[in-house]
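First the structure, in the form of C-alpha cells, and then the observations on it.
The values are calculated or read from the model by the stated rules, or taken from the named source; none is laboratory data. All of these numbers come straight from a predicted model, not from anything done at the bench. Here the Cβ positions follow ideal geometry from the backbone for every residue, glycine too, while neighbour counts run over all protein chains shown.
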Amino acid sequence: MSRFVAATALGSLVLVALSACADTDASPGQVDTPNDEGGIVPSSDAGSLEDAGDVDADADADTDAGPRECSKEGFCHTVLPFNQTLRAVWSDGAGTTWATSEQGSVLRYDGKTWSVHAKLSTALWSIWGSSPTDIWVGGDAGLFHGVGNTSATLAFAQVALPDVDTPITSIWGTSATDVWATGSYLYASGRVVHHTGGVGRDDGPEFVLESVSAKPISYTRVFGSQATGVWIAGSWVDKPGRRAILLRRSPGTSDFVEVSLPTNPNPGGPLEGALDRLYDASLSADGLSVYVLGRAEGAVPAVATGTSADGGQTFTWGFTITGNYKEPLLNAVGAKSASDAWIAGDYGRLRHWNGTEWRQSIITNDKYPVIAPLYAMGGRGDDLWFVGDGIALHRAPSKVEP
C-alpha cells in the first residue's frame, strides 16, 4: 500500500510488491492503493543518498548509438502492449512472469514477449501465486482466481468475498490453501480476508473476514513468511499524528498484535514525529528484516526498519529519513537481505542499497533518462522485475557491462 517490493518474502527470493497511491490526488471512488509490494534496508543517513537531480544519470551513454536492449547495469527494457500501467508483478519461478494493470489487464510474459492474457472489468492492483497454475489477482471489484492445467491456459473467475464492497490491493500466502488479501477505499476502514482451503459459494474458494477488520485502519499491505507469521500494514483513519500502523500475527497464534514503530530520533527538530503516511511495507527474502516505507512529519520520505537476530522471533527497530520533501515520491520497497535492497518511485527512481550506501541505478538504455514512474517489483533470486507506467524492466545480471 502503497505503494519495493513486496512483497512478500522472495522465496528463493520473492520481492513483493505492490499498487501505489502515495500523496497523489485520488479521483472520486479511487482506492487508496499501496506503493507496490517490496522491502528496504537498515539505517543509513540522508547524506548517503544521491542528489534529487540524478534521475537515472548515465554520463557515458553513447549519444550516437540507438537504444540498447539493456542498460549498462543490466536493466533490460521489455515491450509492453499499448497503454498499460503496471501496478503489480509476480514470477512463477518456472520461466513465466505475470503482471496486473490499472486498465484491468492480466499480462503474461513467456520469456520473450508480454501479452494480455486476460481482460477483467476492473482496475487491478495486486497479484500473487502459490504455483504456476494457481494465480490470484485483486482490484477494485475484489478478488479473482486463475487456475488451469498449464500456466498458458489459466482462466480467471471472480471470488465471492464476505465483504464485496472492499477492493483488493494486496495478496499474499504460504500455499494454495493459505491465502490472505486486504484492501480499502481511500481514507476508509479496510478489510482482511483469509482462505484456509474451504469451499464457498458457487463452489469457489471460501474466504472469511478476519476480526482485525473491525479496527479503524485503512489496510493496504499483507505479507509474511511461515517463520515470522502474517504482517498487515496500513494507516489509522481516526488517529491524526500517528497514521502508519503495522500488525503481526505470530506463528501459532490467532490474534494480530500492533508492532510499535519507532519515531524520528530528532525530537524537537523540523522533522519530528512518526510516519504519518504509509507507502509500502514488506519482509526481506531472508525473513530477518521488516521494512515500512512512508512519510514523516514535514512530508519527507522515511523508513522504519526492523531487524531480527533470533530467526524472526523478535525485531529491533530503527528509523531513517531517506530524502527530502522536494524529491519525487517513493512508491515501493523490496529486499533480498540487509545489504541488498531497492527503493522505486516516480521519475525513474530506482535506488539500490549495497550495505553501505544508496545509489541511483542506471536504467536507461539510450541517451535519455527514464522518467516513467515505477510502482512495483517482484521476482526470484537475481531474476528481478521493476514495473510502472508503460515500463517493465527485467534485471539480468549477465547483461551488466564491465
> Taking strands (runs of 3 or more DSSP E) that fall entirely within segment 146-242, which contain at least 1 residues that are closer than 30 Å to K112 by Cα and more than 23 Å from the chain's Cα centre (by Cα)?
Replying inline: 155-159
>> Let me spell it out: the conditions are (1) modelled with pLDDT under 95; (2) outside any loop (DSSP other than H, G, I, E, B), and K112 meets all of them except one. Which number is the exception?
In response: (2)
> How about segment 349-399: which of its residues are buried (at least 24 other Cβ atoms within 10 Å of the Cβ) and over 28 Å from T220 (Cα atoms)?
Replying inline: I363
> Just to be sure, is W231 crowded, with 19+ Cβ neighbours inside 10 Å, within 21 Å of W98 (Cα to Cα), hydrophobic (A, V, I, L, M, F, W, C) and touching a Gly at 6+ places or on another chain (Cβ under 7 Å)?
Replying inline: no
> Within segment 173-189, restricting attention to residues that are of a type outside the set (V, I, T) and at pLDDT 90 or above, which residue is surrounded by the fewest Cβ atoms within 10 Å (Cβ to Cβ)?
Replying inline: S175
> Any idea how many residues of segment 206-263 are polar (S, T, N, Q), out of contact with any Ser or Thr (no Cβ under 7 Å at 6 or more places or on another chain) and farther than 21 Å from G311 by Cβ?
Replying inline: 4
>> I'd like to check something: does segment 208-220 contain any residue that is surrounded by 14 or more Cβ atoms within 10 Å (Cβ to Cβ) and under 22 Å from V89 (Cβ atoms)?
In response: yes
> When segment 79-107 is examined, which residues are found to be over 17 Å from the mean Cα position of the chain (by Cα), in a loop (DSSP other than H, G, I, E, B) and modelled with pLDDT of 95 or more?
Replying inline: V79, L80, P81, F82, N83, Q84, Q103, G104
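Any residue at all in segment 297-317 that's among the acidic types (D, E) and surrounded by fewer than 17 Cβ atoms within 10 Å (Cβ to Cβ)?
Within segment 297-317, one or more residues are among the acidic types (D, E) and surrounded by fewer than 17 Cβ atoms within 10 Å (Cβ to Cβ).
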